Amino acid sequence: MSIGLRRAGGIVGVVGGVGLAAWLVFGVPHDWGGGMRLVRHGLALVSLGAINGGAWLIFSGRQDGASDAVAG
């Protein structure tokens, strides 16, 4: 997969996760009770996972001059 596609997918993941989190904080589900409260918490975990996965996709590429050896 090309680095451009990975970064574009990462940006979509981060923006989608932030959008879902904002909707959960400021949006409709404040009146959800009972079992739907668990769904709300599950969606919050999904939004955190989307942000984490998106950041991983954006910053996971190696730089050309990077090496695994520790200098010293």
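The values are calculated or read from the model by the stated rules, or taken from the named source; none is laboratory data. Everything quoted here is computed from the prediction, not taken from an experiment. Ideal geometry is used to build each Cβ from the backbone, glycine not excepted, and the neighbour counts take in all protein chains shown. For the accessible areas, the whole protein counts, side chains as well, though only heavy atoms, and no ligand, DNA or RNA atoms are used. Shrake-Rupley method; radii C 1.70, N 1.55, O 1.52, S 1.80 Å.
Being of a type in the set (A, V, I, L, M, F, W, C) and open to solvent by 80 Å² or more (accessible area, probe 1.4 Å) is the filter here, so list the residues in region 4-17 that pass it.
LEU5, ILE11, VAL12, VAL15
Condition test on VAL70, is it at pLDDT 90 or above and open to solvent by 80 Å² or more (accessible area, probe 1.4 Å)?
no
Do you know which of the residues in region 20-42 that are part of a helix (DSSP H, G or I) and over 25 Å from GLY54 (Cβ atoms) is most open to solvent (accessible area, probe 1.4 Å)?
Out of the qualifying residues, it is ARG37.
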